[in-house]
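Please read the structure below before turning to the comments.
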Amino acid sequence: MEYGSELMSKIEAAIAKKINLFHSSFGRYAVRAIFATAFLTLGTAIAFGVAMKGEEIAHGLGKMLYAFMFSWSLVMIIYLNAELATSNMMYMTVGVYKKKVSVPLALKVLFTCLLFNLIGGVVFGYAMSLTSPFQHLAENSFVYSVVTSKLEKGALQIFIEGIFANMVVNIAVLATMRMKDDIGKIFSLLFIIYIFAFLGFEHVVANFVSMPVAFFASKGTLAAFTAGNVVKNITLAFLGNYVGGGLVMGLTYAWLNDNSHTKFTYLD
């Protein structure tokens, strides 16, 4: 089986599994979506914790350590079959293109996943803010500077960074589909996700975690935490993520590997 056909077969199998779970056990689907942000909370927390220690050693080291530790979040999500809205942007778009999923059903699955990702992010983000590493953070701590930076970005910057962030996430997902060795998959995930984490690109579901952690840890005192800034970031990150994951990676790869209309001309 050639690469394109094999990849599409694996994507279609994953889509079927998601749709079957959604129809047969909505509660289990919802819990898998909540677990995605539970794992992201653990990854984000250790990333913040290591970054704060790193900044005490040398300025700039914290960012490098943060990106590496954050990357473990996707390892947990993929290996424990959690439901992440940003990868579902790719899956559902491919499903619609391949006529495996109707548009209304694709939207229902995507926004259900997004909703429970948000619920998990707020609940686990709040719980994490109560743990010792996030008590009595300094005003200039790495946690607050990262989240403040996100909230102060301009609209176009958030949108463009959202595109790149979800291109990276779905490149990681597609790359691991091609691999049979677990060590190779893990290294691939770590170093691909490192790209968007280090560059600070905007990932809507990751922000569902980092923002609540910072908000509750600061008891809502960060000046950048306004309703307008939060809505702007979440909305534009979501739209950018959809373009990057749904259109650039999902739709384009489905089209590139669509052999249904291919005609061959043989020349003597």
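The values are calculated or read from the model by the stated rules, or taken from the named source; none is laboratory data. All figures in this text were calculated on a predicted structure; none of them were measured in a lab. Please note: Cβ atoms are built from the backbone with ideal geometry, for glycine as well, and neighbour counts cover all protein chains shown.
Kindly establish whether PHE198 is farther than 23 Å from GLY120 by Cα and at pLDDT below 95. Considered against the rule, which asks whether it is farther than 23 Å from GLY120 by Cα and at pLDDT below 95, PHE198 comes out as no.
Of LYS17, LYS10, all but one fail to be among the charged types (D, E, K, R) and at pLDDT 95 or above; the exception is LYS17.
Taking the criterion of being among the charged types (D, E, K, R) and in contact with a Ser or Thr (Cβ under 9 Å, 6 or more places away or on another chain), the only residue of the range 1-57 that qualifies is GLU55. Residues in the range 94-109 that are surrounded by fewer than 24 Cβ atoms within 10 Å (Cβ to Cβ) and either touching a Ser or Thr at 6+ places or on another chain (Cβ under 6 Å) or within 19 Å of MET177 (Cα to Cα) (or both): LYS98 alone.
Scanning the range 52-91 for residues that are among the hydrophobic types (A, V, I, L, M, F, W, C), assigned to a helix (DSSP H, G or I) and surrounded by fewer than 24 Cβ atoms within 10 Å (Cβ to Cβ) gives MET52, ILE57, LEU61, MET64, LEU65, ALA67, PHE68, MET69, TRP72, VAL75, MET76, ILE78. Entry remark, the range 151-184: residues being over 23 Å from GLU6 (Cβ atoms), over 14 Å from the mean Cα position of the chain (by Cα) and not aromatic (Phe, Trp, Tyr) number 9 in total.
On the basis of being modelled with pLDDT of 95 or more and over 17 Å from the mean Cα position of the chain (by Cα), does ILE34 make the cut? No. Identify the residue in the range 112-167 that is touching a Gly at 6+ places or on another chain (Cβ under 8 Å) and β-branched (Val, Ile, Thr) and, among all such residues, is surrounded by the most Cβ atoms within 10 Å (Cβ to Cβ). Top of the filtered list is ILE158. In the set PHE187, PHE216, PHE238, only one residue is assigned to a helix (DSSP H, G or I), under 14 Å from the mean Cα position of the chain (by Cα) and hydrophobic (A, V, I, L, M, F, W, C); that residue is PHE238.
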